[in-house]
Amino acid sequence: MKRRSAFALMSIASVIVLVEVIVRLLPVYEYADPQEYYLHRKGVELREGTENYRVIVLGDSRSMALRPPEEGLSFYNFSAPGMGNRYYTVLLKRYLSTGRKPDLILLAPHQHALLASPERPATDLKYNDGATPLQAASQFFSRRLDAPLFQGKPGGLQPALRPELFAPVFRNGRLHFLGYTDSIRIFSGMDRLVQAYEGAPFLYRTYFLRTTILGMVQNPGRDGNIEGCESCDAIHKGICYDRLQPRDSTALVEQSIRNFGGAFNLDDLTSPSGRVGLFLTRDTAMKGMADGLNTENMTVQTDTLEELVAFASSQGIKIVFLELPLPERVSQARQVPLLRQTIQGVLSRYDGTGYVQFPTLSYPETSYIDPFHLSCYGAAELNNDFRRIFPSIREGFLEQHR
């Protein structure tokens, strides 16, 4: 009887392992949400890529839209949505660990997000930062054990409207992009334990990608015709959206990554109905963001910026902060100059650094779908301006490097 039980357990375990191996070998991510595919694809380039790019971009969901400003430039955009401000140094260390080293980093996140308090791995968990590790662990597990370990469908990767929403909305994003180990390394102390726990489903891909696997089984085909679907007119009229199969959507993302040095604008695969919803709330969201930057006593934290700049400097890598345009009323907020001066102050303490502003720092609010994310037309305007300022960056930071 014991032998039969042991044999049954071994058989079940073998099936689980076999299925897991098969899932890891199949192109499951090609059937994923486009943003999940984007993060996975960029993560593969980060960990396994071999091309040594001279210029890399680090940033957030807005700067994902930045394309190579010159033809033939060795350039890759590693910006990722919702990672927070902790991940830049870990990403750079991972890139260097592959034997590659950039000449120049273009740092292009929102200023207020860069200088915000570092995000938590799970903002819905309230545990006392000042507690001992044992006390904090007890608080954490007592809260988490009130609910199942694996709670329903993984959260969708929809654009967040407020920076404090980035962590919970994009929680799985860290795992798609950084992988399990690096998603833990960006945290310390109790937060590291929390992320290790929260990211545990990633280790069993058959479960972690269960929704994607189901979609792959139910709808394995594709339309196959994505020509013209990347134009702004087609995107905003929804010409291709309804007929695109999951693999068509990820093919569009892959096309953008391949043709434009890792760049992809989040608006490009927003559904027409989703875009209408964002437009209806845009005015209120813009006002909320402007009000947040108009507070009299604004706290800024420079630790994560200081860590990145100090590490890049120690490696002989130049770093330039790009001040991208903000929506019109946000750009006029009273704390914007403080954010600018704070970043410039950190950079001034290190050699090989610079601060470059776009030709205009205020775009019409119609260039955005929400306070953070540019429309397809807004992204085109952004890249036109990027091409205008890049010659000065090349002359000041690249031509004398080699």
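The values are calculated or read from the model by the stated rules, or taken from the named source; none is laboratory data. Computed from a predicted model, the values in this text were never measured in an experiment. Cβ sites come from the backbone with ideal geometry, for glycine too, and all protein chains shown count toward neighbours. Note: accessible area is taken over every heavy atom of the protein model, side chains too, but ligands, DNA and RNA are not part of it. Shrake-Rupley method; radii C 1.70, N 1.55, O 1.52, S 1.80 Å.
Residues of segment 60-113 that are open to solvent by less than 10 Å² (accessible area, probe 1.4 Å), among the small types (Gly, Ala, Ser) and at pLDDT 95 or above: SER63, ALA65, SER79, ALA108. Annotation note: Cβ proximity below 7 Å between a residue of segment 213-226 that is modelled with pLDDT under 80 and a residue that is acidic (Asp, Glu) (sequence gap 6+ or interchain) occurs for ARG222/ASP248; ASP223/ASP248. Among the residues of segment 184-195, write down those that are out of contact with any Phe, Trp or Tyr (no Cβ under 8 Å at 6 or more places or on another chain) and not basic (Lys, Arg). Of everything in segment 184-195, those that are out of contact with any Phe, Trp or Tyr (no Cβ under 8 Å at 6 or more places or on another chain) and not basic (Lys, Arg) turn out to be ILE184, PHE187, SER188, GLY189, ASP191. VAL19 passes every criterion in (1) out of contact with any Leu (no Cβ under 7 Å at 6 or more places or on another chain); (2) closer than 23 Å to LEU244 by Cβ apart from (2). Checked against (1) more than 30 Å from VAL276 (Cα to Cα); (2) exposed (fewer than 15 other Cβ atoms within 10 Å of the Cβ); (3) of a type in the set (Val, Ile, Thr), THR342 passes all but a single condition, namely (2). Restricting attention to segment 345-366, the residues that are touching a strand residue (DSSP E or B) at 6+ places or on another chain (Cβ under 7 Å), at pLDDT 95 or above and part of a helix (DSSP H, G or I) add up to 1.
Report, by residue number, each residue of segment 318-373 that is of a type in the set (A, V, I, L, M) and farther than 24 Å from GLU399 by Cβ.
LEU326, VAL330, ALA333, VAL336, LEU338, LEU339, ILE343, VAL346, LEU361, ILE369
Output yes when any residue across segment 305-315 is closer than 24 Å to THR366 by Cα and free of Cβ contacts under 8 Å to residues at least 40 places away in the same chain, and no when none is. Lay out the reasoning, then the answer.
As a first pass, look at segment 305-315 and keep what is closer than 24 Å to THR366 by Cα: none.
Looking for residues that are closer than 24 Å to THR366 by Cα and free of Cβ contacts under 8 Å to residues at least 40 places away in the same chain, one finds none in segment 305-315, hence no.
If you filter segment 320-337 down to residues that are in a loop (DSSP other than H, G, I, E, B) and either of a type outside the set (A, V, I, L, M, F, W, C) or under 23 Å from the mean Cα position of the chain (by Cα) (or both), you find that the one that is nearest to GLY354 (Cα to Cα) is LEU324. With respect to (1) buried (at least 16 other Cβ atoms within 10 Å of the Cβ); (2) in contact with a helix residue (DSSP H, G or I) (Cβ under 7 Å, 6 or more places away or on another chain); (3) within 18 Å of ALA312 (Cα to Cα), the lone exception for TYR363 is condition (3). Inside segment 230-250, residues that are over 19 Å from MET216 (Cβ atoms), open to solvent by less than 20 Å² (accessible area, probe 1.4 Å) and in contact (Cβ under 8 Å) with a residue 40 or more places away in the chain make up a count of 1. Take GLY199 and tell me if it is farther than 30 Å from GLY277 by Cβ, modelled with pLDDT of 85 or more and touching a strand residue (DSSP E or B) at 6+ places or on another chain (Cβ under 6 Å). Against the criterion (farther than 30 Å from GLY277 by Cβ, modelled with pLDDT of 85 or more and touching a strand residue (DSSP E or B) at 6+ places or on another chain (Cβ under 6 Å)), GLY199 does not qualify.
Residues of segment 266-310 being within 25 Å of THR342 (Cβ to Cβ) and of a type in the set (S, T, N, Q), which ones? Selection gives ASN294, THR295, ASN297, THR299, GLN301, THR302, THR304.
Scoring THR270 on the criteria (1) under 20 Å from the mean Cα position of the chain (by Cα); (2) modelled with pLDDT under 90; (3) open to solvent by 50 Å² or more (accessible area, probe 1.4 Å); (4) among the polar types (S, T, N, Q) leaves a single failure, condition (3).
Would you confirm, using the coordinates I've provided, whether ASP291 is under 30 Å from ALA234 (Cα atoms), in a helix (DSSP H, G or I), out of contact with any His (no Cβ under 6 Å at 6 or more places or on another chain) and acidic (Asp, Glu)? The answer is no for ASP291.
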